[in-house]
Amino acid sequence: MDSSQTTIVTGATKGIGKKIALDLLSQNHNVVLIARNKQALEQLCVEFKIEENRVLLLPYDITEKINIDRILEKTISKFGKIDNLVCNVGSGKSEKLGNENYNEWKKMFEINFFSAVNIIEKSTNHLANTKGSIICISSICGIQIIDGAPLTYSVAKNALNFYIKGISRFLGKKGIRINGIAPGNILFEGSSWSQKIKDNKEDVYKMINDEVPLNKFGTDEDISNLATWLLSKKAAFVTGSIFVSDGGQTRIWVI
């Protein structure tokens with residue numbers, strides 16, 4: 001059996017998830033790529049010439065609980081173990097403030113909260129066997145009120161932050177570390193910010209200059225660098241923490 005670490009990455013075909021997956025492959029991880037779009041998964045492997053024996057492509061919707069059992073079964077069947085889990089599925093597309101309804105709340109919690117919680121719960125025994133590590137990609141919207149961010153999204157990410165902190169005590173007894181990363185404004189090809197820049201570049205950069213002390217966007221590389229460090233032995237004493245990467249935008253820590 002290959003001694004390389006095996007890492008599951010959800011939401012792996014674009015942006016932050018894609019960059020984390022590629023960086024882990026470069027660090028000799030075997031990577032299980034999870035996304036709903038099978039064609040996008042296959043294209044990713046072709047584009048970056050990923051060796052077939054190093055990757056497992058699983059086109060599943062992670063918000064469906066039945067798919068989690070299939071993901072774990074196929075991962076163990078191919079690689080024999082699970083060392084790390086990166087929960088990257090999320091979406092900030094929701095109703096404007098005041099237009100929330102039950103179905104929207106339910107949808108946003110399924111995408112931004114339960115997509116992580118359900119697979120973490122199912123993976124716990126496997127991760128305990130390897131003394132593994134978990135990373136959840138959250139958002140600064142879960143830390144403080146951000147103008148324009150949907151309330152449904154912000155509340156779901158806040159719940160995720162609380163979950164990370166709370167469950168870390170239980171998981172720690174099993175030798176499992178869990179941490180979160182709360183990105184600020186991250187710009188990459190195909191991101192919502194790239195479209196906003198096309199629509200109104202002047203207003204977007206005025207907001208960045210007014211709200212972000214470093215006066216710039218973050219990148220998927222910024223988040224991946226933090227994620228790969230957290231998965232490494234260099235972060236062996238770090239768990240139950242939410243790491244903010246936002247260029248200094250947040251002013252108040254409200255988890």
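The values are calculated or read from the model by the stated rules, or taken from the named source; none is laboratory data. Given the structure is predicted, the values throughout are model-derived calculations rather than measurements. Note that we place each Cβ from the backbone using ideal geometry, even for glycine, and neighbour counts take in every protein chain shown.
If I filter segment 52-95 down to residues being over 19 Å from residue 23 (Cβ atoms) and aliphatic (A, V, I, L, M), which single residue comes out as surrounded by the most Cβ atoms within 10 Å (Cβ to Cβ)?
62
Sort through 92, 98, 80 and tell me the only one that's modelled with pLDDT under 95, out of contact with any Leu (no Cβ under 9 Å at 6 or more places or on another chain) and of a type in the set (Gly, Ala, Ser).
92
(1) outside any loop (DSSP other than H, G, I, E, B); (2) within 19 Å of residue 18 (Cβ to Cβ); (3) in contact with a helix residue (DSSP H, G or I) (Cβ under 6 Å, 6 or more places away or on another chain): which one isn't true of residue 194, the others all being true?
(3)
State whether one or more residues within segment 35-43 are in contact (Cβ under 8 Å) with a residue 24 or more places away in the chain, surrounded by fewer than 18 Cβ atoms within 10 Å (Cβ to Cβ) and in contact with a strand residue (DSSP E or B) (Cβ under 8 Å, 6 or more places away or on another chain).
no
Can you tell me which residue in segment 160-185 is surrounded by the fewest Cβ atoms within 10 Å (Cβ to Cβ), limited to those that are of a type outside the set (D, E, K, R) and part of a loop (DSSP other than H, G, I, E, B)?
Here the residue is 175.
Farther than 20 Å from residue 162 by Cβ and free of Cβ contacts under 8 Å to residues at least 40 places away in the same chain, is that true of residue 129?
The answer is no for residue 129.
Being touching a residue at least 12 places away in the same chain (Cβ under 8 Å), farther than 23 Å from residue 29 by Cβ, exposed (fewer than 15 other Cβ atoms within 10 Å of the Cβ) and of a type in the set (A, V, I, L, M, F, W, C) is the requirement here; does residue 242 meet it?
Considered against the rule, which asks whether it is touching a residue at least 12 places away in the same chain (Cβ under 8 Å), farther than 23 Å from residue 29 by Cβ, exposed (fewer than 15 other Cβ atoms within 10 Å of the Cβ) and of a type in the set (A, V, I, L, M, F, W, C), residue 242 comes out as no.
For segment 96-109, which positions are surrounded by fewer than 18 Cβ atoms within 10 Å (Cβ to Cβ) and in contact with a Ser or Thr (Cβ under 7 Å, 6 or more places away or on another chain)?
100, 104, 105
Could you tell me which residue of segment 1-50 is modelled with the lowest pLDDT, considering only residues that are among the hydroxyl-bearing types (Ser, Thr, Tyr) and over 18 Å from the mean Cα position of the chain (by Cα)?
Checking each candidate, the answer is 3.
Give segment 132-145 a look and list any residue that's in contact (Cβ under 8 Å) with a residue 12 or more places away in the chain and part of a loop (DSSP other than H, G, I, E, B), or say none.
132, 138, 139, 143, 144
From the list 157, 234, 206, exactly one residue is in a helix (DSSP H, G or I), of a type in the set (Lys, Arg) and farther than 23 Å from residue 92 by Cα. Which is it?
Only one candidate qualifies: 234.
Would you please list the contacts, defined by Cβ atoms under 6 Å and residues six or more apart or on different chains, that run from a residue in segment 194-206 that is of a type outside the set (Phe, Trp, Tyr) to a residue that is modelled with pLDDT under 90?
Listed pairs, sorted by first residue: 204/196.
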